[in-house]
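Worksheet: one structure, shown below.
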Amino acid sequence: MIFTKREEKLIKAFLDAGRLSVADIQKILAVSQRTAYRTITDLTASLHTVGIELLKKQKKYELSGDLSKLSSIYSMEDYSHSERLNLICLALLTATEPLTNAYFQEEFMVSNVTIIQDINAIEQRLVDFSVKLERKQGYHLLLDTEQHRYLLAVLLTHMFSAADFKSGKLDRVADDLLGVFKQARKAFRDCQTFIPDMDPKLLQFFTILLALSKKFGQPKTIAHVSKQSLELAQELFASYSKLTAQAYGTNEIVYWAGLLDELYIKRQENPLYVENFDSQYFYNVTNLIDKVSSFTKINFVKDKTLFKFLFHHLRLSLAIPYLFPDESISSTAHLVAYQNDFLHRIIRLVMQDLFATYIQNEAEYELVTLHFASSIRRSPDIYPIQVLLLTNQRPLAVELLVTRIKSVAPFVQSVQVKRLEDFNNDYLDQYDYILSTSPSDHEEIDLISAYPSTTEILRLQERLQAVQLRHNQQRERSIEVVGQPDLQAYLESSQELLEQFQLLYLDNSLSFKQTVAEIISDLPAISDQAYLIEKLLQRFEISPFAIPETGLALLHTQSHTVEKSQFMVYQLAHKIGVPSMNHEIEDVSRILVMLTKEDSLAETKVLMSAIGQSIIENHLYTEIYKTGNQTIIYQLLNKIFTETIKDLEN
């Protein structure tokens, strides 16, 4: 006899507790009273087949009979909808012949109608990946080698946790795959010094992809891969080849390296020292923040951390998207999306406009909404509030209290401390919220203990969040900024870059290549102009960096031919057509030039990176680069350097 999971759970509860009421059963199964009675009826019939009765005595139920028989009963797999879709898709991806409805009905113990609905859902989802499902003597997927390996690797990455994958607990995976997975994990361990620091799920994905080498045919030749990914692939395949006692061709190595390039290497957070990067992806993440800010009238651009979180989250989603996301992936994200309905609807619309179809699902929208909603609660730059603390406590006690306030409410921009006797009514308009460690006659002033309990701090957090939501952004106030002394090395590097900076006029040719040559020929401190021109053009061909709808293009690299790091802006006499980040032609009237000396100080590289990120991430700054004169851009650079140094100090 096979029991359902719900029946099995109830049997275990009876064996543990002895007797259960209907209310107990409702609580154990988390179901309604009606469902509880129906389950009791079903369980009574199931137990009868093995000679056990379910009896009701004094409003409670108990088992009667030889209960030792229950130890040999196996539970029937009772999968959720998304688990069943994953398993059916796995069967289709690993099958060597068409699979029928009857096969799936027997495998999953569901009706013919359910299988038909599941197959239709899978068919519609795989269209997002340009894969067709054929119905001929059963179900069969029409896909090439690259699609086959990629989809199977994505599916298996999400089906198994990192812990289960590492320990080899991979139910439903064929024995031949279990062996190569183990060898692929060993190859990665042997080469761990060469492996870049990446998300554990990405690491699992690339391990599975390595194990799928030679599966489903020969992959197509890839024209270009980066040196970094190719060297790593060669190390991995050399180790893997020894473990499997097989030789792997160049196509296999280059295919793996190409996916590493496409899904990870080209999407580094700081692309300025990556020769081959995905400019379209950078543009889309920046545009997501900018458009959501524009539509919601909330200045998310000010939260520098938001770009980083979205960048890494969306990179992972694009690399290994959920094929059939579980609705309960993140109950927190679902709740936040419900509480921020307008923000959620805006994000859904913007993402549909910017990102690939295969990550367009409600679970993904909710997770992105969570990032934006967290930004409001995290950043003191979006909805900042000013707090006044009235106290006569000792400095150490006051410092501890201020630290606790800021830890539970990071959006508090400043906590000013004044003595109780110094209070005047003007403070009620000057500050968003006032606290006092002693009782006060003013209703607007809240009381807090000098050493508040956890409960008191949590109440304070809720109160501060409520104040933030009501905060009037238009209110102007003088904000005191307290900082630490500047770092001398950064100051010297920033001063050197500012001294080098110029906005220059160029009577340029109508050709982009000739214009690049003219710019490099005009620049000082270049030891080999011909080499640098060729390097910049090759890099631009792989990763075009004209910024859409701005008239700006960026030339940047790090090279031994650059004798002094420099940032320059060239105003062109003649507009030229340049490939842009969204792979269209942009009419460019200004070219930004960022050249970094190969052995520059670390401080210089950090500041150069800050310039690059200001061009990519901040649309206001982009407008200044587009239209500002030398003085204005100089002031902008000075501000960027100052903010970078201040962030590093903090």
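Structural remarks
To keep it simple, each residue is scored yes or no on (1) within 30 Å of PHE324 (Cα to Cα); (2) exposed (fewer than 14 other Cβ atoms within 10 Å of the Cβ).
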| position | (1), (2) |
| --- | --- |
| LEU367 | yes, no |
| HIS371 | yes, no |
| ILE385 | no, no |
| GLU399 | no, yes |
| SER407 | no, yes |
| PHE411 | no, no |
| PHE423 | no, no |
| TYR431 | no, no |
| ASP446 | no, no |
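- For segment 32-54, a residue qualifies if it is assigned to a loop (DSSP other than H, G, I, E, B) and free of Cβ contacts under 8 Å to residues at least 12 places away in the same chain, and exactly one does: SER32.
- Check on THR369, modelled with pLDDT of 80 or more, assigned by TED's automatic domain parsing to the domain that holds ASP303 and among the β-branched types (Val, Ile, Thr): yes
- Flag for LEU390 being within 18 Å of VAL292 (Cβ to Cβ) and buried (at least 16 other Cβ atoms within 10 Å of the Cβ): no
- In segment 12-26, residue modelled with the lowest pLDDT [restricted to those that are within 42 Å of the chain's Cα centre (by Cα) and surrounded by 14 or more Cβ atoms within 10 Å (Cβ to Cβ)]: ALA13
- Considering residues of segment 155-165 that are touching a helix residue (DSSP H, G or I) at 6+ places or on another chain (Cβ under 7 Å) and either surrounded by fewer than 20 Cβ atoms within 10 Å (Cβ to Cβ) or more than 22 Å from SER241 (Cα to Cα) (or both) only, the residue modelled with the lowest pLDDT: ALA162
- Looking only at residues of segment 633-650 that are touching a strand residue (DSSP E or B) at 6+ places or on another chain (Cβ under 9 Å) and among the hydrophobic types (A, V, I, L, M, F, W, C), we find that the one that is surrounded by the most Cβ atoms within 10 Å (Cβ to Cβ) is LEU637.
- Flag for SER436 being more than 19 Å from ILE385 (Cβ to Cβ) and surrounded by 11 or more Cβ atoms within 10 Å (Cβ to Cβ): no
- Residue ID - farthest from ALA13 (Cα to Cα), chosen from residues in segment 27-59 that are surrounded by fewer than 17 Cβ atoms within 10 Å (Cβ to Cβ) and of a type in the set (Ser, Thr, Tyr): THR49
- The set of residues from segment 233-246 being touching a residue at least 24 places away in the same chain (Cβ under 8 Å) and in contact with a helix residue (DSSP H, G or I) (Cβ under 7 Å, 6 or more places away or on another chain) comprises ALA233, LEU236, PHE237, SER239, TYR240, LEU243, THR244.
- The listed residues are LYS69, LYS57, and the only one of them that is basic (Lys, Arg), touching a residue at least 12 places away in the same chain (Cβ under 8 Å) and in contact with a strand residue (DSSP E or B) (Cβ under 9 Å, 6 or more places away or on another chain) turns out to be LYS57.
- Pairs, first within 16 Å of ALA546 (Cα to Cα) in segment 503-520, second at pLDDT below 90 and surrounded by fewer than 20 Cβ atoms within 10 Å (Cβ to Cβ), C-beta under 9 Å, six or more apart: PHE512/LEU537; PHE512/PRO579; LYS513/LEU537; VAL516/LEU537
- Failed criterion for SER46 (all others in (1) at pLDDT below 80; (2) within 20 Å of VAL110 (Cβ to Cβ) hold): (1)
- Check on HIS140, in contact (Cβ under 8 Å) with a residue 40 or more places away in the chain and either not assigned by TED's automatic domain parsing to the domain that holds PHE205 or not in a helix (DSSP H, G or I) (or both): yes
- The residues of segment 193-202 that are over 14 Å from SER229 (Cα atoms) and of a type in the set (A, V, I, L, M, F, W, C) amount to a single one, LEU202.
- SER167 vs. criteria farther than 20 Å from GLU262 by Cα and of a type in the set (Gly, Ala, Ser): yes
- For segment 206-319, the helices (runs of 4 or more DSSP H) that sit wholly inside it and include 2 or more residues that are more than 18 Å from the chain's Cα centre (by Cα) and not assigned by TED's automatic domain parsing to the domain that holds GLN192 are 279-296.
- Matching residues in segment 273-309 - criterion: being surrounded by 21 or more Cβ atoms within 10 Å (Cβ to Cβ) and of a type in the set (A, V, I, L, M, F, W, C): PHE277, PHE282, VAL285, LEU288, ILE289, VAL292, PHE300, VAL301, LEU306, PHE307
- Residue check, HIS148 within 26 Å of ALA238 (Cβ to Cβ), in a helix (DSSP H, G or I) and either of a type in the set (Gly, Ala, Ser) or outside the structural domain of LEU318 (by TED's automatic domain parsing) (or both): yes
The values are calculated or read from the model by the stated rules, or taken from the named source; none is laboratory data. A quick note: this is a predicted structure, and the numbers were derived from the prediction, not measured. Using ideal geometry, Cβ is built from the backbone for each residue, glycine included, and neighbour counts are taken over all protein chains shown.
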